[in-house]
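To start, the structure under review is shown below, and the notes come after it.
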Amino acid sequence: MDFELTEEQKMVQEMARRFAETEIRPVAAELDRTHKHPEEICNKLGELKFMGIAVPEEYGGGGMDNVSYVVTLIEISKACASTGVIMSVNNSLYCFPVMAYGSHEQKEKYLYPVASGEKIGCYGLTEANAGSDPASMRTSAEEVSNGWVINGTKRFITSGNVASYCVLAAVTDKNKGYRGISSFVVNLKEIKGFSVGKVEDKMGIKASGTAEMIFDNAHVPKDALLGAAGGGFKQMLTTLDGGRIGIAAQAIGIGRAVLEEAVEYTKTREQFGKPIASFQAIQWKLADMVTQMDAAELLTLKAADLEDRHKPFERAAAMAKMFASDAAMNAAVEGVQILGGYGYCQEYPMERHMRDAKICQIYEGTNEIMRLVIANNLLKGK
Ligand SMILES: Cc1cc2nc3c(=O)[nH]c(=O)nc-3n(C[C@H](O)[C@H](O)[C@H](O)COP(=O)(O)OP(=O)(O)OC[C@H]3O[C@@H](n4cnc5c(N)ncnc54)[C@H](O)[C@@H]3O)c2cc1C
């Protein structure tokens, strides 16, 4: 067992750290305030090959491994959690399924522009009445002579308001339950009958758009079907396993930012004539935070390493996502407490970290669903 990153992984981590510190962190508060999609930053992330890190270079990606994806995403999310989730969805929820289930022609057409960062990708699974239970989705795709006609509304879709491409789940045979769900990959800019609906006003990750996507007799070409008809649900489960590693990394980034800023503050803030770092009550909070964040990072790197070695990683990914998001949320709550009244005000980024951390416990499967996944795996001896 080797706990050291390879030279290549260290290099990409350092590159991400430098970029995040100089180009993202300085504008993160402004992005949060204006709710503006960080377009320029995403373009630069594309140039750095961070928008399709694990996609082979021939399809526009970085040709790196999932451990590199994790260490990079931690650095980006540490500077700005909104940018982190845009990058995570682009990599895990769009590029991965097109890479894994698309034909060579589909990859050239639909993967290259997104993996290279020229365009943004999104993933449309959730609907108003189908969240934790996606098998109850209503969006339908009917086969016609020259393609498919999609009808339905997706809800809460990250980057749904800015994306050019989307991997979308729809029912192709309503008599077959979850076996009647299929995946499609579509160029949203070319579809008549597609429109963006409500863009949510959220608690946190405010610079990441979360939108309704409306398909009203939207005609898509034959080559939009990803993999076999009826295989969509299984594809979705595997895609979300990888996505959860990304959300764990996003949570770790937020937790690391909290920790760094809390440590700094405790050394400079004085009460009763000494730095608050000298109080044991504060030290215990810091000790708990760093222990939980280190444990979260180990779980997440383990899940990414299993994926890189093509070993089963469903349980490891769910554990990483659940533990890292709970750890980040705990750290953020304590971070605000450590900064006292200043932690509650926007003068410091701490209140933003607390708002940003919360979503990691909810999306890509709530932490209640993560516990179900973990327990199911455990009981089946996996
Ligand atoms: C900011 C944001 C971005 C998102 N991005 C995307 C995206 O890009 N693509 C996409 O498809 N979706 C996206 N989502 C949707 C997200 O994945 C869902 O919100 C999430 O899976 C929960 O679904 P729900 O909101 O319908 O909650 P519900 O499923 O209604 O759950 C409500 C509560 O009940 C609990 N619960 C439900 N079922 C069970 C059970 N069996 N056992 C125990 N507890 C249960 C849940 O844990 C939760 O606490 C996003 C959501 C948000 C808020």
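The values are calculated or read from the model by the stated rules, or taken from the named source; none is laboratory data. The structure displayed is predicted, hence computed values, not measured ones. Note that each Cβ is placed from the backbone with ideal geometry, even for glycine, and that neighbours are counted across all protein chains shown. Keep in mind that these areas ignore ligands, DNA and RNA; they rest on the heavy atoms of the full protein, side chains included. Shrake-Rupley method; radii C 1.70, N 1.55, O 1.52, S 1.80 Å.
Looking only at the stretch 209-230, count how many residues are of a type in the set (S, T, N, Q) and under 23 Å from the mean Cα position of the chain (by Cα).
1
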Item checked: Count of the stretch 192-222 residues which are away from the ligand (no atom under 12 Å from the Cβ) and at pLDDT 95 or above -> 15
Margin query: Take the residues in the stretch 108-142 that are open to solvent by less than 40 Å² (accessible area, probe 1.4 Å), in a loop (DSSP other than H, G, I, E, B) and more than 13 Å from the ligand (Cβ to nearest atom); name whichever of them is nearest to Gly61 (Cα to Cα).
Written below: Ser116
Item checked: Selection count, the stretch 219-269, where residues are of a type in the set (A, V, I, L, M, F, W, C), in a helix (DSSP H, G or I) and closer than 28 Å to Gly152 by Cα -> 6
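Is it fair to say Lys78 is more than 16 Å from the ligand (Cβ to nearest atom), closer than 21 Å to Ala163 by Cβ and among the charged types (D, E, K, R)? It would help to see each step written out before you state the result.
Values: more than 16 Å from the ligand (Cβ to nearest atom): yes; closer than 21 Å to Ala163 by Cβ: no; among the charged types (D, E, K, R): yes.
No.
Suppose we filter Met329, Met350 for residues that are within 30 Å of Glu260 (Cα to Cα) and either in contact with a His (Cβ under 6 Å, 6 or more places away or on another chain) or more than 16 Å from the ligand (Cβ to nearest atom) (or both); which single one remains? First the steps, then the outcome.
On the way: Met329 fails: either in contact with a His (Cβ under 6 Å, 6 or more places away or on another chain) or more than 16 Å from the ligand (Cβ to nearest atom) (or both).
Just a single option satisfies the conditions, and that option is Met350.
Taking the options Lys10, Lys36, Lys44, name whichever one is outside any helix (DSSP H, G or I) and open to solvent by 30 Å² or more (accessible area, probe 1.4 Å). Steps first, answer last, please.
Numbers: Lys10 fails: outside any helix (DSSP H, G or I); Lys44 fails: outside any helix (DSSP H, G or I).
Only one candidate passes the filter, namely Lys36.
Kindly indicate whether Val167 is surrounded by 21 or more Cβ atoms within 10 Å (Cβ to Cβ), in contact (Cβ under 8 Å) with a residue 60 or more places away in the chain and within 17 Å of the chain's Cα centre (by Cα). Lay out the reasoning, then the answer.
On the way: surrounded by 21 or more Cβ atoms within 10 Å (Cβ to Cβ): yes; in contact (Cβ under 8 Å) with a residue 60 or more places away in the chain: yes; within 17 Å of the chain's Cα centre (by Cα): yes.
Criteria met by Val167.
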Item checked: Out of Ala324, Ala303, sole residue that is touching a helix residue (DSSP H, G or I) at 6+ places or on another chain (Cβ under 7 Å), aliphatic (A, V, I, L, M), in contact (Cβ under 8 Å) with a residue 60 or more places away in the chain and away from the ligand (no atom under 15 Å from the Cβ) -> Ala324
